[in-house]
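Read the structure below first, then the notes.
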Amino acid sequence: MDGYAETSGQLINYSKSSLCFSYNTPLDVRHNVYSILRVMEQKDLGVYLGLPTPIGINKCEVFQFMKDRMWQKLNSWKQRYLSRAGKEVMLKTVLQALPTYAMDLFLVPQTICYKLQRLMARFWWGRESSHERGMHWVSWEWMAKSKFDGGLGFKKLHEFNLSMLGKHAWAIFTRDDSLVTRTLKAKYFPFGFFLDSEIGSNPSYLWRSLWKSKKLIALGSLKRVGHGRSIWEDPWVLLNLNGKVSTPQQTDSDVFFVSDLIQQEC
């Protein structure tokens with residue numbers, strides 16, 4: 001710690017610093033960390049930068065704050081007279097943006113996503129300035145379609161959440177040199193790639209969230225043609241549905257990899 005302060009020129013505020021260990025961390029390891037960092041343990045770190053630090057078993061209770069924030073925002077708009085166009089702008093620029101920060105890191109339970117969508121639908125179909133419950137003429141599924149397909153371009157929050165997590169998962173898949181990739185790889189998939197990884201035993205909720213977007217990454221990715229790619233097993237054909245070669249492999253063929261088709265003398 002002193003070496004860090006001398007190198008960076010920054011001092012650590014110990015009164016504002018605390019540690020939080022996993023329940024599986026042995027006591028001797030905890031004491032070693034105490035002695036090195038000189039920071040005491042705190043069982044519950046609460047909310048940090050607007051996000052919950054401990055994620056317990058009841059995920060809906062942890063992420064209930066997202067629904068509460070949206071409800072508070074809607075209550076502050078009760079005296080506003082908004083047209084349909086005004087409601088569309090407020091929905092897309094304010095309400096849909098509220099859960100973005102949390103969805104960028106964690107997989108929010110679908111129950112919470114549906115509750116948020118119900119609040120937004122109630123606001124859209126509400127009566128004049130009171131926003132009282134009105135007739136819902138179409139479902140949110142229809143409203144979430146693009147305007148080109150006849151919808152209104154609103155978001156389906158669960159799918160949006162997966163796409164946000166997929167952005168980070170893609171960075172882990174393509175950037176082997178980053179610190180977060182090396183950390184997660186050492187713990188969860190030390191001998192393979194992200195797309196081949198398993199959820200593991202007792203994973204963190206951050207890894208569980210990123211792992212949920214693995215199927216989305218696999219569906220939208222293809223491998224480049226190189227030397228060691230399997231011709232029949234790897235997805236590398238753009239026009240095919242699953243990305244794989246549709247021609248069956250001959251039983252007596254000695255061609256297995258792309259390198260077998262390359263003429264080195266050319």
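Taking interchain pairs and intrachain pairs at least six residues apart, which have beta carbon atoms under 6 angstrom, with the first residue in region 46-60 and modelled with pLDDT under 75 and the second open to solvent by 50 Å² or more (accessible area, probe 1.4 Å) and not acidic (Asp, Glu)?
Here the result reads 53/45, each pair linking region 46-60 to a residue that is open to solvent by 50 Å² or more (accessible area, probe 1.4 Å) and not acidic (Asp, Glu).
Identify all residues within region 149-199 that are open to solvent by 70 Å² or more (accessible area, probe 1.4 Å), under 29 Å from residue 114 (Cα atoms) and over 17 Å from the mean Cα position of the chain (by Cα); write none if there are none.
149
Please state which one of 221, 146, 213 is within 29 Å of residue 242 (Cα to Cα), over 19 Å from the mean Cα position of the chain (by Cα) and hydroxyl-bearing (Ser, Thr, Tyr).
146
Suppose we keep only residues that are charged (D, E, K, R) and farther than 11 Å from residue 188 by Cβ within region 202-217. Which one would you say is modelled with the highest pLDDT?
Among those residues, the one meeting the criterion is 212.
In region 86-94, is there at least one residue being part of a helix (DSSP H, G or I), free of Cβ contacts under 8 Å to residues at least 40 places away in the same chain, surrounded by 15 or more Cβ atoms within 10 Å (Cβ to Cβ) and in contact with a His (Cβ under 9 Å, 6 or more places away or on another chain)?
No, region 86-94 contains no residue that is part of a helix (DSSP H, G or I), free of Cβ contacts under 8 Å to residues at least 40 places away in the same chain, surrounded by 15 or more Cβ atoms within 10 Å (Cβ to Cβ) and in contact with a His (Cβ under 9 Å, 6 or more places away or on another chain).
Are any residues in region 1-39 surrounded by 10 or more Cβ atoms within 10 Å (Cβ to Cβ) and in contact with a helix residue (DSSP H, G or I) (Cβ under 7 Å, 6 or more places away or on another chain), and if so, which ones?
Those that are surrounded by 10 or more Cβ atoms within 10 Å (Cβ to Cβ) and in contact with a helix residue (DSSP H, G or I) (Cβ under 7 Å, 6 or more places away or on another chain): 1, 12, 19, 21, 38, 39.
Looking for something among the hydrophobic types (A, V, I, L, M, F, W, C), assigned to a loop (DSSP other than H, G, I, E, B), under 30 Å from residue 202 (Cβ atoms) and within 32 Å of the chain's Cα centre (by Cα) - is there at least one such residue anywhere in region 20-27?
yes
Of the conditions (1) outside any loop (DSSP other than H, G, I, E, B); (2) modelled with pLDDT of 80 or more, residue 15 satisfies every one except a single condition; which number is it?
Only one criterion in (1) outside any loop (DSSP other than H, G, I, E, B); (2) modelled with pLDDT of 80 or more is unmet by residue 15, namely (2).
Among the residues of region 77-100, which ones are more than 23 Å from residue 146 (Cα to Cα) and either β-branched (Val, Ile, Thr) or out of contact with any helix residue (DSSP H, G or I) (no Cβ under 9 Å at 6 or more places or on another chain) (or both)?
78, 79, 81, listed by residue number.
Check whether at least one residue in region 64-85 is more than 18 Å from residue 99 (Cβ to Cβ), surrounded by fewer than 15 Cβ atoms within 10 Å (Cβ to Cβ) and hydroxyl-bearing (Ser, Thr, Tyr), and report yes or no.
Scanning region 64-85, I find at least one residue that is more than 18 Å from residue 99 (Cβ to Cβ), surrounded by fewer than 15 Cβ atoms within 10 Å (Cβ to Cβ) and hydroxyl-bearing (Ser, Thr, Tyr), so the answer is yes.
Could you go through region 148-165 and let me know if any residue there is at pLDDT below 85 and more than 17 Å from residue 92 (Cβ to Cβ).
No, region 148-165 contains no residue that is at pLDDT below 85 and more than 17 Å from residue 92 (Cβ to Cβ).
The values are calculated or read from the model by the stated rules, or taken from the named source; none is laboratory data. Computed from a predicted model, the values in this text were never measured in an experiment. Cβ atoms come from the backbone with ideal geometry, glycine included; neighbour counts cover every protein chain shown. The accessibility values were calculated without ligands, DNA or RNA, using every heavy atom of the protein model including side chains. Shrake-Rupley method; radii C 1.70, N 1.55, O 1.52, S 1.80 Å.
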